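Asks: To start, I am sharing the structure in question, which I have written as structure tokens.
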Amino acid sequence: MSGEQKAESRTLLTPFNLIAGIILIAGLIVTVIRFTKGLSSVTNLSDYNPWGIWIGFDLMVGVALAAGGYVTSAAVYLFGMKKFHSAVRPAILTGFLGYFFVVVALNYDLGQPWRLPYPFIVGWGTTSLLFEVGLCVALYLTVLFLEFSPAALEWLGYSKTRKLAGRLTIVLTIFGVVLSTLHQSSLGALFLIAPSKLHPLWYSPYLPVYFFVSSIVAGLSMVILEGTLSHKFFHHSMDKTYLGEHDPLTLGFGRAAALVLAGYFTIKMVGLAAGNHWDLLTTPYGLWYLVEVIGFVLIPCLLYTVGVRDRNLTLIRFTSVLAVAGIILNRLNVSVIAFNWHLPFSERYVPSFQEVVITVFMVTLIILSFRFIVTRMPIFHEHPDYKDSH
Amino acid sequence: MAISRRRFLTWIGAAGAGLSTVNTAQASTLTQFKGHPEGLGVLHDTTRCVGCRKCEEACNTVNDLPKPDRAFQDMSVLENKRRTTTKAFTVVNSYPVGSQDQPVFRKIQCNHCLEPACASACFVRAFKKRADGAVVYDPSVCVGCRYCMVACPFEIPTYEYDNPLTPKVLKCTFCAPRIEKGLLPGCVESCPKEALTFGKRNDLITLARKRIARHPDRYIDHIYGETEMGGTSWLGLAGVAFKDLGMREDLGTTPAPALTSGALSVVPMVVGLWPVFLAGMYGMTVRREKIAAEETRSEIAQAVKETQTLADEKMAKALEKAQAEKRTALEKAEKEKEQALKDAMESFKKENEPGEEE
Ligand code: SF4
Ligand code: SF4
Ligand code: SF4
């Protein structure tokens, strides 16, 4: 106990905490300005560019990178990869935190955030894909909360409720996969309504399929990446099971990611051929498209394959960074960079400093909450009383 | 000669009418919404527009909008390309066109689409297409997601980004409150050149066709908005290519809802089929695990049995051996006993025959 306390007081004065503290203060200041002076006081949003990085990054990227939760729980509980069981809790936790802060960030972007429940109360706008996104995200956040609850309940010592929550696992997992399929794909489908604004190399009737398939890549790669990072920083909270399953998990998820990336690259090419926009490939946007599809889809696919074949864990871990960067790039391309490509530069959107502050603020909050939870609740280790209950 | 020529024209007209019926018939077999038959509209004839900005001024007045930064009489604003804003629901831009010495002016405002992208995109149904043609907005439900602005192909809706508490989406209302009272839209009423004509959309299309037919040299043979994005209530005529007036010619004829209906129709499929498939996967996994567990169990049982028999055999052998040993030991002891007796007897016999020895 005293050792733990010492560790805590030691960590309080790290450079990390100092930077985090500065970000928190800056974030709070911008928050106050945003909600007292309006969106125009802190954002570069305009009538031409109604969506900036609070949607393009915080929502689009946030949801994609939080896919680790559904991907891992489906792999373990539905597809029988029980040997990776210890990865479920960290993945569910990051998923839950990811979605939670997506919703928090959304409240910054909405003009009247207190009306967020309106779509489900006053006007069922079922013709809108945003309605579907909203409904599924709301439901999925609940599912993630329930999936995460066993850890919290064990920590709090409510063993009866814990048992009940445990019994729901399979139903929740299936529900989670259905909801994730729907909203991950719908995020891509949001842009189907604007063929005249999104660059033809990114606009495709397959957008929903692209978003769904790439969310699996994002989920798998994020689990590998988070595992690597957590290993570095939370090694002391991990038990033997987790540590023992970590390397096989990296290999297994690396193999899966290689396969899904290969499929993703193929359907990207199918879409390119169907759109018949080969001529655009030599334009600046075309080169940028190639950077994304080759540098951040094809190359990670090959590197994952080589890493798995040679059982080279370092290479797989490195590739997970590349693959995650590719997902970020793709979401930003669709929602910000290749969106409104037809407008002259003076009418294009570039995020303001304050918008970046809020985005960094959200990421910091996720990391801090994650740290708070894993150092207290049974995430990287099993609770001694519930060893065999999953 | 003159007569025959007139007849010739009549025939053409009849042929044209025939063609147009064919078109309608074909169109009606598709489920494309053709707009409410009584729907109203406005035709903007850019060949008549002189860029006086009277419509802008009228719009500002009838909508109680804030005073403009520069007076409506200031024609220098026309030099910049402007768009609709929260302070101006309509703007007139000037476009220099190569072959003509005069620039061409075009008025921009909401086109009141027959199947509006904004209404299809809104997740609280804040936008409605009314039977009279107006696309109206209800600020009391708007959440402020601005997806309508992303969706609108004509880049019309604007947002009150500087309003922290009750920001609204703003755009031309088709002067819906005035139309209801039987008044003309503000802009139409104020136009000194009749560049704007208000009426039933169907009549306006007929009118536009007539103008094109009467002055083929003056007009491009296209009514902008007749088919763009499924058609719009506001229509445009021009003497130069529409794209030279900043109007997109690549929008296609697909109405906005049709662009997303495919993705939406997949939803029930996913909801219906995915759980079945996933539950099936789970069932298979469970079964596989059960079989594996059973196999392990029977293997263990087998192993236990084998060990048991082995142990039993060993035990039996050991027992047998022990018994055999016991037997031989007994036999040996017996033999030794007999031998000892024999020996004793013999020595006794010898002792009793002393004479023989002396
Ligand atoms: S022009 Fe834009 S705002 Fe107007 S009805 Fe059409 S989609 Fe809606
Ligand atoms: S900003 Fe308002 S009107 Fe526009 S889509 Fe969102 S909720 Fe609907
Ligand atoms: S119809 Fe009314 S609101 Fe629309 S541009 Fe004309 S005056 Fe303005």
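Asks: I'd like to check something: does region A:320-335 contain any residue that is basic (Lys, Arg), assigned to a helix (DSSP H, G or I) and without any contact (Cβ under 8 Å) to a residue 60 or more places away in the chain?
Replies: The answer is no, given that none of the residues of region A:320-335 is basic (Lys, Arg), assigned to a helix (DSSP H, G or I) and without any contact (Cβ under 8 Å) to a residue 60 or more places away in the chain.
Asks: Suppose the filter is surrounded by fewer than 22 Cβ atoms within 10 Å (Cβ to Cβ), more than 8 Å from every other protein chain (Cβ to nearest Cβ), within 15 Å of ligand 1 (Cβ to nearest atom) and under 25 Å from residue A:112 (Cα atoms); does residue B:87 pass it?
Replies: no
Asks: Step by step: first the residues of region A:125-184, then only those that are acidic (Asp, Glu) and over 30 Å from residue B:261 (Cα atoms), then the one that is farthest from the chain's Cα centre (by Cα). Which residue is that?
Replies: A:154
Asks: Right, here's the next one. Could you tell me whether any residue of region A:118-126 is touching an Asp or Glu at 6+ places or on another chain (Cβ under 9 Å), farther than 30 Å from residue B:249 by Cβ and within 12 Å of chain B (Cβ to nearest Cβ)? Spell out the reasoning first.
Replies: First pass over region A:118-126, keeping only residues touching an Asp or Glu at 6+ places or on another chain (Cβ under 9 Å): A:123, A:126.
Now narrow it down to the ones that are farther than 30 Å from residue B:249 by Cβ: A:123, A:126.
Pick out the ones that are also within 12 Å of chain B (Cβ to nearest Cβ) and you get A:123, A:126.
Looking for residues that are touching an Asp or Glu at 6+ places or on another chain (Cβ under 9 Å), farther than 30 Å from residue B:249 by Cβ and within 12 Å of chain B (Cβ to nearest Cβ), one finds at least one in region A:118-126, hence yes.
Asks: Could you please give the count of residues in region B:251-266 that are among the hydrophobic types (A, V, I, L, M, F, W, C), at the interface with another protein chain (Cβ under 7 Å from one of its Cβ atoms) and closer than 16 Å to residue B:129 by Cβ?
Replies: Adding up the residues that qualify gives 1.
Asks: Out of all the residues in region B:143-165, which are within 7 Å of chain A (Cβ to nearest Cβ), on the phi < 0 side of the Ramachandran plot and part of a loop (DSSP other than H, G, I, E, B)?
Replies: B:143, B:145, B:153, B:161, B:162, B:163, B:164
Asks: How many of the residues making up region A:20-52 are assigned to a loop (DSSP other than H, G, I, E, B), more than 7 Å from chain B (Cβ to nearest Cβ) and among the small types (Gly, Ala, Ser)?
Replies: 2
Asks: What tally of residues in region B:117-133 results from selecting those that are surrounded by 23 or more Cβ atoms within 10 Å (Cβ to Cβ) and more than 9 Å from ligand 1 (Cβ to nearest atom)?
Replies: Residues flagged as surrounded by 23 or more Cβ atoms within 10 Å (Cβ to Cβ) and more than 9 Å from ligand 1 (Cβ to nearest atom) within region B:117-133 amount to 5.
Asks: Among the residues of region A:235-284, how many are assigned to a helix (DSSP H, G or I), over 25 Å from residue A:308 (Cβ atoms) and of a type in the set (D, E, K, R)?
Replies: 1
Asks: Inside region A:10-63, can you point out the residues that are within 21 Å of residue B:146 (Cβ to Cβ) and aliphatic (A, V, I, L, M)?
Replies: Taking region A:10-63 and keeping what is within 21 Å of residue B:146 (Cβ to Cβ), we get A:30-31, A:33-63.
Those that are within 21 Å of residue B:146 (Cβ to Cβ) and aliphatic (A, V, I, L, M): A:30, A:33, A:39, A:42, A:45, A:53, A:55, A:59, A:60, A:61, A:63.
Asks: Additional query: Select from region B:171-225 the residues that are among the basic types (Lys, Arg) and more than 16 Å from ligand 2 (Cβ to nearest atom) and list them in ascending order.
Replies: Passing the criteria: B:178, B:181, B:193, B:200, B:201, B:209, B:210, B:211, B:214, B:218.
Asks: Enumerate the pairs (first residue in region B:52-66 and within 14 Å of chain A (Cβ to nearest Cβ) and in contact (Cβ under 8 Å) with a residue 12 or more places away in the chain; second residue anywhere and part of a helix (DSSP H, G or I) and near ligand 3 (Cβ under 8 Å from one of its atoms)) with beta-carbon separation below 8 Å, excluding pairs fewer than 6 apart on the same chain, so at least 6 apart or on different chains.
Replies: Close Cβ pairs (under 8 Å, with a partner that is part of a helix (DSSP H, G or I) and near ligand 3 (Cβ under 8 Å from one of its atoms)) do not exist here.
For (1) surrounded by fewer than 16 Cβ atoms within 10 Å (Cβ to Cβ); (2) under 30 Å from residue B:259 (Cβ atoms); (3) among the aliphatic types (A, V, I, L, M); (4) at pLDDT 90 or above, each residue gets a yes or a no:
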residue: B:20; (1), (2), (3), (4): yes, yes, no, no
residue: B:29; (1), (2), (3), (4): yes, yes, no, no
residue: B:33; (1), (2), (3), (4): yes, yes, no, no
residue: B:39; (1), (2), (3), (4): no, yes, no, yes
residue: B:56; (1), (2), (3), (4): no, no, no, yes
residue: B:63; (1), (2), (3), (4): no, no, no, yes
residue: B:72; (1), (2), (3), (4): no, no, no, yes
residue: B:79; (1), (2), (3), (4): yes, no, no, no
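Asks: Only residues in region B:140-161 that are touching a residue at least 60 places away in the same chain (Cβ under 8 Å) count as the first member; pair them with residues that are among the hydroxyl-bearing types (Ser, Thr, Tyr) and more than 9 Å from ligand 2 (Cβ to nearest atom), Cβ under 6 angstrom, at least 6 apart or cross-chain, and list the lot.
Replies: Close Cβ pairs satisfying both conditions: B:153/A:196; B:156/B:84; B:158/B:84; B:158/B:85; B:158/B:86; B:160/B:86.
The values are calculated or read from the model by the stated rules, or taken from the named source; none is laboratory data. Note that the structure is a prediction, hence the values are computed from the model and not measured. We place every Cβ from the backbone using ideal geometry, glycine too, and count neighbours over all the protein chains shown.
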